[in-house]
Every structure is written in C-alpha cells, then in structure tokens.
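Below: one structure, written as structure tokens.
We did not get these values from a lab; they are worked out from the coordinates using the rules stated. This one's a predicted model, so the numbers in the text were calculated from it and none came from an experiment. As a convention, Cβ positions derive from the backbone with ideal geometry for all residues, glycine included, and neighbour counts pool all protein chains shown.
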Amino acid sequence: MAIVTRYKTILMHMMIVGGILLMLYPVLWMIGSSLKPSDQIFTQIGLWPKAITFEHYAKGWAGMSRTTFATFFANSFMLVGLAIVGNIISCSCAAYAFARMDFKGKKIMFAIMMMTMMIPLHVLIVPQYIILNFESTAL
C-alpha cells in the first residue's frame, strides 16, 4: 500500500514539474528573444541566442518622442508615493474616529464603510471611466 502512494506522489510531482516547465516556456522564450538581434527572433531555433545584444533594452529605455522611460518611472513613483501618503492619512483619521470616538450612527456608518470596501473593482471601473471621461471632455 505504501508503494502505491509513493508512486502516486512521484507521479504527481512529475506532473507538477511538467506543468511548471510548460508555463515557464513563454517567459523563457520572451527573455531569449529580447537578447537576440531583430532578424534572428523568428529565424533562429532555440531559446538562447548565439549572439547576445542589448539593443532592444536601449531602444525601450530611450522611448519615443524625446521622453525616456526614466520620466515615466519617476512619474509613477511620484504618483504612487502621493497616493500612499494620502491613503495612510485618510485611513488613519477614519480608523481613529471609529475606534476612539463615540457618535450617533457610528455602527451604521462603519457598516456602510465596510460595504463600500467590499464592492468589487469590476463594478467600479465603468462608472469611474464615465466620470473621468466626462470631466476631461468638459474642460
């Protein structure tokens, strides 16, 4: 009986490793293709290039229309940093109010806040797009 369960375990692990390799193949192909010259991406067989080049990374970093990737990177860090700081401040104020203060309707307001936090993102995307698109066209 123990031999059968051992073979089942080995077979299961072999199937998992095979699945992992199957899932990793596109990622390995993408990395290998990014290191090949453009004319060899679809002509050379194999994952790893014979001649490694970093020209694709240099072109990607240079960007388009005089805007480098560093600009986008800095903008993203600034936007995320401000969003995190604002979120920490507003959440801390709300948490302090609900934890330490007693006021009328506290339980109802806390329940409403929890319900709005449980709304799936998919439900919010379309109304947010409509609101932001209307505001950008109104300017």
Flagged pairs (Cβ under 7 angstrom, 6 or more apart or on separate chains; first in region 20-38, closer than 20 Å to residue 58 by Cα; second among the aromatic types (Phe, Trp, Tyr)) are 32/48
Filter region 80-137 down to the residues that are small (Gly, Ala, Ser), more than 31 Å from the chain's Cα centre (by Cα) and part of a helix (DSSP H, G or I), then identify the one that is surrounded by the fewest Cβ atoms within 10 Å (Cβ to Cβ).
99
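How many residues does region 1-27 hold that are of a type in the set (Gly, Ala, Ser) and under 26 Å from residue 45 (Cα atoms)? If you could, list the steps in order and put the result at the bottom.
Kept after step one, since they are of a type in the set (Gly, Ala, Ser), are these residues of region 1-27: 2, 18-19.
Subsequent filtering for residues that are under 26 Å from residue 45 (Cα atoms) retains 18-19.
Residues in region 1-27 being of a type in the set (Gly, Ala, Ser) and under 26 Å from residue 45 (Cα atoms): 2 in total.
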